[in-house]
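S.K.: Pasting in a structure now, in structure tokens, and then I'll have a few things to ask.
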Amino acid sequence: MIVRTPNLNEASQIAKCLLPAIEDIFKEFLATTDHVKVLGVLTQLVSSQDSQYSYQNCLVAVVDNQIVGAVCFYDGADLPQLRLPVLNFIRQYFNPSFNPEDETSSGEIYIDSIGVLPSFRGKGIGGFLLNHLIEEKVHKQGKTLGLLVEQENEKAEILYHRFGFSRVGEKMLVGKVMHHLQIRPYSVL
């Protein structure tokens, strides 16, 4: 398995990987329950060059020349500019009152979503992607990584704790209480 940066032509594959991780929240964003519509919108946003879901903000896991997992991340300070095209698109075509809370801010590299194709789950691919990000961003670059986990998703939070994340607070996102987790570089005294 390798981790690499994707290209524009791989947007639909990336969207298929990310969809299981964010489908429920996207259904809230779009005010729909239509799976096909959600996948289409996500694919369009991944195809863009200036949105928080852009392929340019992703890494992919590849097995036998097939993209089987993806992680979308960006500097939290960039959220306002990266979210603007998402806001405009969703407000124009789906939900005029769409106004989500900010899930990140300056001071962290935010893991927006991480997903693995259903047929490849349970094989350590998500953990491989997460370890790659931790190694690159935290250990090599000295950055803080952050993410949100739904309050009810104890299994996910336990998993992230195993990777070294700690709970640093709570945030609201589309009306749900989310635990804010971070992993920071080790400080040398």
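S.K.: Want the number for residue 150 to residue 172: 0.36 nm per residue separation, take away the alpha-carbon distance, what's left?
M.R.: 7.0 nm
S.K.: Here's something else I'd like to know. Counting Lys and Arg as +1 and Asp and Glu as -1, each charge on the Cβ, what is the dipole of the stretch 21-110 about the Cα centre in debye, to the nearest 20?
M.R.: It works out to roughly 320 debye.
S.K.: While we're here: With only Lys, Arg, Asp and Glu charged, each at its Cβ (+1 for the first two, -1 for the last two), find how big the charge dipole of the stretch 2-183 is about the Cα centre; round to the nearest 20 debye.
M.R.: Magnitude of the dipole: close to 300 debye.
S.K.: Let me ask something else about it. How would you rank 28, 108, going from fewest to most other Cβ atoms within 10 Å of each one's own Cβ?
M.R.: The fewest-first ordering by Cβ neighbours comes to 28, 108.
S.K.: While we're here: How do 162, 91 line up, fewest other C-beta atoms within 10 Å first?
M.R.: The fewest-first ordering by Cβ neighbours comes to 162, 91.
S.K.: Once fully extended, how much extra length lies between residue 105 and residue 78, figured as 0.36 nm per residue of separation less the alpha-carbon to alpha-carbon distance?
M.R.: 8.9 nm
S.K.: In which sequence would 140, 37 go, from the one with the fewest C-beta neighbours within 10 Å to the one with the most?
M.R.: The order, fewest Cβ neighbours first, is 140, 37.
S.K.: When each pair of different Cα atoms in the stretch 2-183 is counted once in the 1/r mean, what is the Kirkwood radius in angstroms, to one decimal?
M.R.: 16.5
S.K.: Name the residue from 130, 104, 120 whose Cα lies farthest towards the positive end of the charge dipole of the stretch 2-183, charges +1 on Cβ of Lys and Arg and -1 on Cβ of Asp and Glu.
M.R.: Among 130, 104, 120, the one farthest towards the positive end of the dipole of the stretch 2-183 is 120.
S.K.: Could you grab the Rg to Rh ratio for the stretch 126-189? Cα atoms only, Kirkwood for Rh.
M.R.: Looking at the stretch 126-189, the ratio lands at 1.00.
S.K.: Further, regarding this structure: For the residue pair residue 2 and residue 123, what label-to-label distance in nm results when each label sits 7 Å from Cα along the Cα-to-beta-carbon direction?
M.R.: Modelled inter-label distance: 1.7 nm.
Bear in mind these aren't lab numbers, they're just calculated from the coordinates by the rules spelled out. Bear in mind the structure is a predicted one, so any value in this text is a computation, not a measurement. Counting neighbours? That spans all protein chains shown, and the Cβs are built from the backbone with ideal geometry, glycine included.
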